[in-house]
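In what follows, a single structure is set out as structure tokens and then discussed.
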Amino acid sequence: MPVARFMGESNARYYAARDPLGAAGDFVTAPDISQMFGEMVGLWLVDLWVRAGRPADAIYAELGPGRGTLARDALRVMRGQGLEPQVHLVEGSPALRKVQGEALPGAAFHDDIASLPEDRPLLLVANEFLDALPVRQLVRTEAGWRERMVALAPEDTADVPGAAFVFTAGTQPMDAAVSERWRGAPVGTLIETCPGAAAAMAELARRLTTQGGAALLIDYGHLAPRAGSTLQAVRAHAKVDPLALPGEADLTAHVDFAMLAEIAQNAGVPWIAGTTQGAWLGAVGIEARAQALSARAPERAEEVAAAHRRLVHGDDMGDLFKVFALSGGGWPPGAGFAPQA
């Protein structure tokens, strides 16, 4: 089967019946590291809202909201500045919906972006959402471009741990699906596309141009085109073979923000920007917030400093994670990004 189908079916099973977050789960996201992360998101959104004229009907929407921690922290900041939006959560996991409903009473749930309200400005956040969408992998062979597939391992490797499945090249020509940028790439080159992320961006861009509002997308990925497989699996806070534990490990891939920017621009979104998580958090004031928290609770100063470092330092999450923002419908640019050419 294609890599995209393997990843999609594995993650569907993985997320259906578990809460994978936290020390007892498989991974920890930025909102769980410190309240500062969600607070900076809320500050960014409320600043935009104020500069847009304080529209009373703006809504808060989040894609893949985890345990609701980011939304809770962001909304606390927003409400402190007079913004009390309706909350809409796009979540497919019944297990996580239960946790989110307890953290955010009154939130409306959606299966996908398409059912979000279309008659009011949209303030949308997605943190580590796009990376879990299935990627399609194409590999350049001697015979041309082929889709990368997952197949049963040969019988002579059946007793090797983790060797139940192997990667292989498909038989159908896929040259027509490859952009001009990669047509002449050497044999062995592998590229990834993410149809789900592309569709989500197209829908989001359409909405922002007609409804107004802004979106903040935070994920690990790259801001410029690149080749190579980024598929990985995590279980119990450690990387494992992506083929070894289908349905029992979290499968992700790096987000191609360059591709998403191209889609948004083609849809007419006037303002798009991207940077690293560390640079963005620094620009919107996380250092001042860390100092304030430490001054308020000196006994937690070391904990706050460690969380701050983990979120912004280049050796931790600061460079690996990227922050991508866009706004439309007459809304102004968001804070924390270099001026766009």
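Selection among A126, M149, Q86 by position relative to the dipole of region 66-168 gives Q86 as farthest towards the positive end (Cβ unit charges, Cα centre).
Here the gap between A305 and E180, fully extended at 0.36 nm per residue and compared with their Cα-Cα distance, gives a gain of 40.3 nm. Cα gyration tensor of region 147-259, axes a ≥ b ≥ c as square roots of the eigenvalues: rounded (a/c below 1.5), prolate (a/b > b/c) or oblate? Oblate is the answer for region 147-259, as a/c is 1.5 or above yet b/c matches or exceeds a/b.
Here region 89-192 carries DSSP beta bridges of which approximately 85% are antiparallel, counting only pairs with both residues inside.
Considering only region 144-271, what is the antiparallel percent among its DSSP beta bridges, to the nearest 5?
Restricted to region 144-271, the bridges split so that about 85 percent are antiparallel.
Once the other residues with Cβ under 15 Å from the Cβ of T193 are scored (Lys, Arg +1; Asp, Glu -1), what is the net sum? Net charge in that neighbourhood comes out at +1. Relative contact order of the chain: 21 percent, from C-alpha pairs under 8 Å at least 6 residues apart in sequence. Once both axes come from the Cα atoms, what is the angle between helix 69-80 and the longest principal axis of the chain, in degrees from 0 to 90, rounded to 10? Approximately 20 degrees, to the nearest 10. Applying a DSSP loop filter and a limit of 10 other Cβ atoms within 10 Å to the GluC sites (Glu not before Pro) in region 86-149 leaves E142. Modelled spin-label separation between A338 and A114, with each label point placed 7 Å from Cα along the Cα-to-Cβ direction: 3.9 nm.
Taking square-rooted eigenvalues a ≥ b ≥ c of the alpha carbon gyration tensor, is region 225-294 rounded, prolate or oblate, where a/c under 1.5 means rounded and, failing that, a/b exceeding b/c means prolate? Oblate is the answer for region 225-294, as a/c is 1.5 or above yet b/c matches or exceeds a/b. With both residues required to sit in the chain, DSSP beta bridges show an antiparallel share near 60%.
At a 1.4 Å probe, what is the % contribution of carbon and sulfur to the accessible area of region 125-214? Within region 125-214, the accessible surface is 58 percent carbon and sulfur. Surface composition of region 263-310: carbon and sulfur atoms hold 49% of the protein heavy-atom accessible area at a 1.4 Å probe. I'd like to know which of L243, S10, T230 lies farthest towards the positive end of the charge dipole of the chain, counting +1 on Cβ of Lys and Arg and -1 on Cβ of Asp and Glu. Farthest along the dipole direction, towards plus: T230. Of all the accessible heavy-atom surface of region 1-113, with the other protein chains kept in place and a 1.4 Å probe, what percent is carbon and sulfur? Within region 1-113, the accessible surface is 51 percent carbon and sulfur. Around the Cα centre of the chain, unit charges on the Cβ atoms of Lys, Arg, Asp and Glu (plus for the first two, minus for the last two) sum to a dipole of about 660 debye.
Here the simple spin-label model places points 7 Å from the Cα toward Cβ, and for A236 and Q86 these points are separated by 4.5 nm.
The residues of region 163-275 expose on average 43 square angstrom of accessible surface per residue, using a 1.4 Å probe on protein heavy atoms.
The distance separating the Cα centre of region 273-290 from that of region 166-219 comes to 28 Å.
In square nanometres, what is the average projected area of the Cα convex hull of the chain? Averaged projected area of the chain's Cα convex hull equals 18.7 nm². Could you tell me whether region 198-329 comes out rounded, prolate or oblate from its Cα gyration tensor? Rule is a ≥ b ≥ c as square roots of the eigenvalues, rounded for a/c under 1.5, then prolate if a/b exceeds b/c, otherwise oblate. It is oblate, given that a/c is not under 1.5 and a/b is not larger than b/c.
The values are calculated or read from the model by the stated rules, or taken from the named source; none is laboratory data. Bear in mind that the values here come from a model prediction, so they are computed numbers and not experimental data. Cβ atoms come from the backbone with ideal geometry, glycine included; neighbour counts cover every protein chain shown. With ligands, DNA and RNA removed, areas are computed over all heavy atoms of the protein, side chains included. Shrake-Rupley method; radii C 1.70, N 1.55, O 1.52, S 1.80 Å.
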